[in-house]
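Novice: Shown below is the structure under consideration.
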Amino acid sequence: MTKVDKVDRNYQNAEVSSDLDLSPADIVPWGDDAWRVTASRAVHPSQQRPDQVLLMSIAEGVGSSVVPGPLSVEAAPDGRSYHRLLETAEYEAWIIQWPPGTGLPTHDHGASVGALFVVEGALDEDVPCVDGTVATRHLTAGQVVPFDVGYVHAVTNRSTTTATSVHVYAPPLSTVGFYRTDGGDLVLERVEG
């Protein structure tokens, strides 16, 4: 058994992006370690165009490695704290702490898709419906939810304890649109970014 055969068995359960079309036969001429190195890059999220499933996995993975506690980073006027944890050409991940009573009003994420993972505490997500009502989803620690381009929501900590969440966006956020409700209709108020 060659070193490449051993490595190939170790990676047999890994998913490789179909547009990469890699095989051990393509790599062996460059040496026994080339397949291992190429395979590890091929399955690494920073080398793929993220979809919602991958963004949820990234948010959950990053969120699971976060040690809860106070952030000594940028603070929003409403008291939230936030910090970009990582950025690639394809996506970025942020951590946000939400003291009780804080929130982000109704907004979209521009041209980005994303996922939100609750690390600790609880958050309420308010989603405006076409009939003018608002649907509220209560998110607790360990939950991860995806959202698509054009998704509009508000996120608020209505509990009595601080909540922490990880947010992943692809591509990295370039704009955020903020909305108000006028007679049951959503009206774009401003775009930041």
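The values are calculated or read from the model by the stated rules, or taken from the named source; none is laboratory data. The structure presented is a predicted model; accordingly, all values stated were derived computationally and were not measured. Every residue, glycine as well, gets a Cβ built from its backbone with ideal geometry; the counts of neighbours run over all protein chains shown. Just so you know, the surface numbers come from the protein's heavy atoms only, side chains and all, with ligands and any DNA or RNA stripped out. Shrake-Rupley method; radii C 1.70, N 1.55, O 1.52, S 1.80 Å.
Novice: Using the heavy atoms of the protein chains and a 1.4 angstrom probe, tell me the accessible area per residue for the stretch 149-193 in square angstrom.
Specialist: On the way: 2290 Å² over 45 residues.
Accessible area per residue: 51 Å².
Novice: Quantify, in whole percent, the carbon and sulfur part of the accessible surface of the stretch 51-193 (1.4 Å probe; protein heavy atoms only).
Specialist: Numbers: 3790 of 6890 Å².
Carbon and sulfur together cover 55 percent of it.
Novice: Let me ask another. Once you put a point 7 Å from the Cα of Val176 and another 7 Å from the Cα of Val134, both along the Cβ direction, what distance in nm separates them?
Specialist: Result: 1.7 nm between the two label points.
Novice: Separate question: With a point put 7 Å past each Cα toward its Cβ, work out how far Val127 is from Tyr151 in nm, to one decimal.
Specialist: Label at Val127, label at Tyr151, 0.8 nm between them.
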